[in-house]
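Only one structure is covered here, and it is reproduced in the block below.
The values are calculated or read from the model by the stated rules, or taken from the named source; none is laboratory data. Just so it is clear, the model here is predicted, and its values are computed rather than measured. Neighbour counts are summed over all protein chains in view; Cβ atoms, including those assigned to glycine, are modelled from backbone coordinates with ideal geometry. Note: areas computed on protein heavy atoms with side chains; ligands, DNA, RNA excluded. Shrake-Rupley method; radii C 1.70, N 1.55, O 1.52, S 1.80 Å.
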Amino acid sequence: MTTMALGTVSTLTGEMRKAITRSGYLFEQQLLPVIEKVGYRAEPNHRYRDPDGIMRGLDIYAISAREIFPEKKEFIWLDLMIECKNLQCRLVFFAHREIRMTHFLGYPHISGLPQVVYRKRRFTDLADFLKVDDFHHYYSRAKIATQFCAVYERSKNRTGGSGKPRTGDDFVAGHHVGEIDLYGDGIVKLVKAVQEEKRQDARRFDRKEVAYERVDLWFHYPIFVTSGALYECLITKHAPYYRRVHRVGFLH
């Protein structure tokens, strides 16, 4: 598709550029060179059809490949599914300690072939065969969050009245920031994207379509990125403890 403009040429004003910055489009574009620098091919505004048949979009889809047996064309693929939110508010994740084992946290998102490995006269799940809980980052964090909220001001113009300091009533905690639904438009969108990727691989690697079984594995990484501050909340004996962090492990 080609886009053309006819007529009077006008410039982007400072206010227009600020609107673009607030929208988050620049935020997504600034992430692309960071992702590509570590060896991924990154695609902004990636379109896919979710398991419900609804056309959706991911802010960024990035993919990288590791060839393990060139003569057999066997690969390990890594894909990043990234949803970005240009938020100025704080996100608080309520974390708790987890036993870092596949039996409690489940398996990382892997699809393709093989799914099982025949060893010592029995079949073993791929994740167990690879012992992913010994090295995969999914199990490297002692604390995992299963709930979160955004904290933001009800109104930037509100001062508490007569110059009084702000109180708890001046702030809101929840999943919605204005018109943005962080849970539905962030977490759930990533879940559906992973589901569809694994579903496509299952169809592609149906035994009726594959002439021979080969190593062709996909590791899927759903990532939520925000421009705001991240906090981890830990429940202690005396009071909740909040600390600033750069990344959080979230289990849906």
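Just a few scattered comments:
- Whole-number percent relative contact order across segment 1-80, with pairs defined as alpha carbons under 8 Å at least 6 apart: 17 percent
- The mean of 1/r over all pairs of different alpha-carbon atoms in segment 52-148, once inverted, gives a Kirkwood hydrodynamic radius of 17.0 Å.
- Radius, Kirkwood style, for the chain when every pair of distinct Cα atoms is counted (Å): 21.5 Å
- Chain lengthening between ARG17 and ALA127 when straightened (0.36 nm per residue, less Cα-Cα): 34.8 nm
- Karplus-derived 3J(HN,Hα), 6.51/-1.76/1.60, for each residue of segment 32-43, Hz, glycine and proline x: 4, x, 5, 5, 5, 5, 9, x, 9, 8, 9, 10
- Across the chain, the longest piece that holds none of the GluC sites (Glu not before Pro) lying in DSSP loops with up to 12 other C-beta atoms within 10 Å covers 1-178.
- Of interest is the spacing of the C-alpha centroids, which for segment 173-203 and segment 31-88 amounts to 15 Å.
- In this structure the chain gives 68 Å² per residue of accessible area when probed at 1.4 Å with all protein chains present.
- Working note: 222 nm ellipticity from helices only, DSSP H runs with n ≥ 4, each -39,500 (n - 2.57), summed and divided by the residues of the chain, gives -5500 deg cm²/dmol to the nearest 500.
- A simple spin-label model places pseudo-atoms 7 Å from Cα toward Cβ; at ALA5 and LYS72 they are separated by 5.4 nm.
- Rounded FRET efficiency, nearest 0.05, which uses the C-beta distance separating VAL117 from HIS175 and R0 of 35 Å: 0.30
- When the solvent-accessible area of segment 1-153 is split by element, carbon and sulfur atoms take up 55 percent of it, the probe being 1.4 Å.
- Other residues whose C-beta falls under 13 angstrom from the C-beta of GLU196 contribute a net charge of +4, scoring Lys and Arg +1 and Asp and Glu -1.
- Other residues within the sphere of radius under 14 Å centred on the Cβ of PHE219, judged by their own Cβ, net out at -2 (K and R +1, D and E -1).
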